[in-house]
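Every read-out reported here was derived from the displayed coordinates using simple, explicitly stated rules and does not represent laboratory data. Being a predicted model, the structure only gives us computed values, none of them experimental. Counting neighbours? That spans all protein chains shown, and the Cβs are built from the backbone with ideal geometry, glycine included.
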Amino acid sequence: MTVEPAAGGVARSSPAGRRVVAAAVLGSGLTMLDGTVVNVALRSIGEDLDASLAQLQWVTNGYLLALASLILLGGSLGDRLGRRRVFVAGTIGFALASLLCGLAPTPEVLVAARVAQGVAAAALAPGSLAMIQGAVRPADRAAAIGTWTGLGAIAAAAGPFVGGLLVDHASWRWVFLVNLPLAAATVWLARGVPETRDPHAAPRLDWAGAALATLGLAGATYALIEWGWPLAPAAAAVGVAGLVAFVVVERRERWPMLEPGLFADRTFAAANAMTLLVYGALGAMTFFLTLQLQVVGGYTALQAGLASLPLTVCMLLLASRGGALGARTGPRLPLSLGPLVMAAGVLLLLGAGERPYVVGVLPGITVFGLGLALLVAPLTATVLAAAPDEHAGVASGVSNAVARAGTLLAVAALPMAVGLGGEEYADPAVLDPAFGRAMLACAGLLVAGGVLSWLTVRADVLRAPVS
């Protein structure tokens, strides 16, 4: 069923507008939930499938690698063929890959299925936000994006709790199988979403750019995870060559996957650079914290998931207010202050696992959640506002790709950098000091992100349009 948008877009409060936001939130929530819910299940997966730390990193990074590499292509595909159509196809593919994850008998099969999930998510993720940007009338977009950001972030924050509940009371396999009914509900909601596309979209897709982006990120990720001679240096060289070639090809390609002109806007470039730092810290923090609480603190999977509940509450209550603050003051203040508050929260988590929850975890995760709630909605709105509407799919893809690439690289690099390898993650005496070093590194990334925003982001980007 194809529903054409009204002239100028639909109102957020109309039935069509509500379906647009609901479908976008649920679909995006699928990818965000899956990006965090797996962390709580990693220890159980390792025990059940006899997986090493490197294999567990690939369970996380196989998904992120495919998603970060192909999400720009997914955004371009939606702009060309229809954002709703590509969104629905990605949702169905995501459900099928999730089924394969839930049935995986070995770590290798699970990693392959996670890569398939990432490929499907690359079509699904950019379409969720691009549907809002393309179908909702301009006067309502900021509010709709705030709703999408807040509820989507809740899905990501709820991942550890949902994962813990499923692991403790069913099996780690249900962490993936739960996606099937959620995907079915998403497809049903999307039936009433107006179809939108870019009338000036490229007549063909940039397959060379997609291949080079995948090669570059894959080489860098392998080198960071494996750290062995001679394959790691060779992989690093291939990764660097792939990324350099990607930049060259995109500059010369007539219809590039990534429009180089987008980065000519200083605010767009700065917001994405800050996204790389902040989401790298966010991904690494959640990866290490869930292991720390279970291995050092003796938490069950459910208890480790519940430990992050204050983060969910902060997002639920305050994410939309963060968006309103950004619209009122401009993005510079929340994009600078948010990461600094998050860094303070990370430092408060240095006692996690060794000290009681109310002292070692609760203050830090709450402060971290306050900073995240201040940051997420203005960041998303800033990236989209700095790009032309006709490039909504590509701009959304860039934002998502950078966020996933930040997590991908941080999760790949930090374990070995802080002294973890093989099966040492299961030894409290080794994991505990490594966790402390990892938290200091995450705090440093967040501080750098806040300083970068203050120095580079314009304060006048989010001016509401006159209706």
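Per-residue Karplus couplings for the stretch 444-456, computed as 6.51 cos²θ - 1.76 cosθ + 1.60 with θ equal to phi - 60°, are listed in order as x, 4, 5, 4, 4, x, x, 5, 4, 4, 4, 7, 10 Hz, Gly and Pro entered as x. Highest average first, the peptides 444-456, 123-135, 338-350 ordered by how many other beta carbon atoms sit within 10 Å of their residues are 123-135, 338-350, 444-456. Using the Cβ-Cβ distance between A234 and R204 with R0 set to 41 Å, the FRET efficiency works out to roughly 0.80. Gain on full extension, evaluated as 0.36 nm per residue between V247 and L180 minus their Cα-Cα distance, stands at 20.4 nm.
Averaging the Cα positions of each part gives two centres, and for the stretch 266-304 and the stretch 80-138 these lie 22 Å apart.
Across the stretch 335-346, computed HN-Hα scalar couplings (Karplus, 6.51 cos²θ - 1.76 cosθ + 1.60, θ = phi - 60°) run 6, 8, 6, x, x, 5, 5, 4, 4, 4, x, 4 Hz from first to last residue, x flagging Gly and Pro. If R0 is taken as 25 Å, the Cβ-Cβ distance between Q303 and L100 corresponds to a FRET efficiency of 0.30. Past the 12 angstrom mark, what percentage of all C-alpha to C-alpha distances in the stretch 206-256 do you count? Counting every Cα pair in the stretch 206-256, those more than 12 Å apart make up 58 percent. The distance between label points at R458 and L440 comes to 4.0 nm (points 7 Å beyond Cα on the Cα→Cβ vector). Sorted on the mean count of surrounding Cβ atoms within 10 Å across their residues, most packed first, peptides 277-285, 191-199 read 277-285, 191-199.
Peptides 359-371, 243-255, 286-298 ranked from most to least packed, by the mean per-residue count of other Cβ atoms within 10 Å: 286-298, 359-371, 243-255. Against the chain, whose longest principal axis comes from its Cα atoms, helix 207-226 is set at around 20 degrees.
If you bin all the Cα-Cα distances of the chain at 20 Å, starting from zero, the percentages per bin are 27, 61, 12, 0. Over the chain, dividing the summed -39,500 (n - 2.57) contributions of all DSSP H runs of at least 4 residues by the number of residues returns a 222 nm mean residue ellipticity of -27000 deg cm²/dmol. In this structure, the amide hydrogen of V136, modeled 1.01 Å from its nitrogen in the peptide plane, lies closer than 5 angstrom to those of V10, counting only residues at least 5 positions away or on a different chain.
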